[in-house]
Number of protein chains: 2
Amino acid sequence: MPTTEHMQAVVQRYIAALNAADLEAIVALYAPDAQVEDPVGSEPQRGHEAIRAFYARSLAMKLEVALQGAVRAVAGEAAFAFTVTLQQGPRRLVIAPIDHFRFDAEGRITHMRAFFGPDNTRTEG
Amino acid sequence: MPTTEHMQAVVQRYIAALNAADLEAIVALYAPDAQVEDPVGSEPQRGHEAIRAFYARSLAMKLEVALQGAVRAVAGEAAFAFTVTLQQGPRRLVIAPIDHFRFDAEGRITHMRAFFGPDNTRTEG
């Protein structure tokens with residue numbers, strides 16, 4: 001079972017890699033057969049190749065990502081709230097998800113699920 | 001599939017019922033065969049009888065519960081951050097979980113999982 005500290009560190013590395021648009025750093029956090037369901041209810045991306053393609057599409061836009069509150073890490077799983085801000089011309093789109101990570105014994109993410117609905121997106125500016 | 005508005009309303013009723021120490025109002029939000037895993041990693045409580053006994057133990061203390069940020073509701077599931085404050089003599093214990101609800105077609109909670117670890121609890125006062 002990965003430690004609380006490890007799971008918190010993975011979340012911090014995930015946020016930093018999104019801000020740096022570091023695609024390989026993101027993919028490296030995932031187990032080779034990991035699943036990414038973003039948003040919840042969509043068909044999961046399975047495996048590094050599909051996960052890389054998924055994040056490459058997201059990183060085609062400049063993202064500003066900020067953790068909101070503490071990482072909740074317990075028993076090999078973590079949940080955390082954050083915001084993703086996208087500049088769209090003079091306006092900004094802000095999405096506020098809660099993500100759920102499940103980890104394997106080596107501390108890699110095996111399942112990621114992103115919770116956000118229509119009420120968790122707003123436009124500013 | 002329950003609507004976003006329904007899932008948001010269930011979360012609000014859950015918070016209100018915890019603050020009111022209204023045990024039957026809490027149990028009524030759950031499907032008869034629901035599971036409650038609180039915290040994540042513990043043995044789930046299964047069914048209304050076990051769930052009622054679980055919340056009765058929690059409500060033996062006076063709880064102050066407050067939602068933190070928006071409910072993330074999507075595709076029959078919801079996640080939300082909140083705080084639970086317990087007065088312990090002159091001091092206060094504050095726990096800051098993220099809960100995950102899964103709903104059935106009738107809009108009742110079938111699975112509840114509460115994410116919080118040692119770093120999500122603090123003492124004040």
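The values are calculated or read from the model by the stated rules, or taken from the named source; none is laboratory data. Note that the structure is a prediction, hence the values are computed from the model and not measured. Positions of Cβ are backbone-derived with ideal geometry, glycine not excepted, and every protein chain shown enters the neighbour counts. What goes into the accessible areas is simple: the full protein's heavy atoms, side chains included, and nothing from ligands, DNA or RNA. Shrake-Rupley method; radii C 1.70, N 1.55, O 1.52, S 1.80 Å.
Observations
- Scanning segment B:51-75 for residues that are surrounded by 15 or more Cβ atoms within 10 Å (Cβ to Cβ), among the hydrophobic types (A, V, I, L, M, F, W, C) and away from chain A (no Cβ under 14 Å) gives B:Ile51, B:Phe54, B:Leu59, B:Leu63, B:Val65.
- A residue that is aromatic (Phe, Trp, Tyr), in a loop (DSSP other than H, G, I, E, B) and in contact with a Pro (Cβ under 9 Å, 6 or more places away or on another chain) occurs somewhere in segment A:104-119.
- Residue count, segment B:2-22 (criterion: under 21 Å from B:Met61 (Cβ atoms), open to solvent by 30 Å² or more (accessible area, probe 1.4 Å) and in contact (Cβ under 8 Å) with a residue 24 or more places away in the chain): 2
- Applying the criterion of being touching a residue at least 24 places away in the same chain (Cβ under 8 Å) and under 24 Å from B:Arg72 (Cα atoms) to the residues of segment A:31-50, the residue that is surrounded by the fewest Cβ atoms within 10 Å (Cβ to Cβ) is A:Pro39.
- Options A:Glu43, A:Glu77, A:Glu37: the member that is out of contact with any Lys or Arg (no Cβ under 9 Å at 6 or more places or on another chain) and among the acidic types (Asp, Glu): A:Glu43
- On inspection, B:Gly117 fails the criterion of being in contact with a helix residue (DSSP H, G or I) (Cβ under 6 Å, 6 or more places away or on another chain), more than 10 Å from chain A (Cβ to nearest Cβ) and touching a residue at least 60 places away in the same chain (Cβ under 8 Å).
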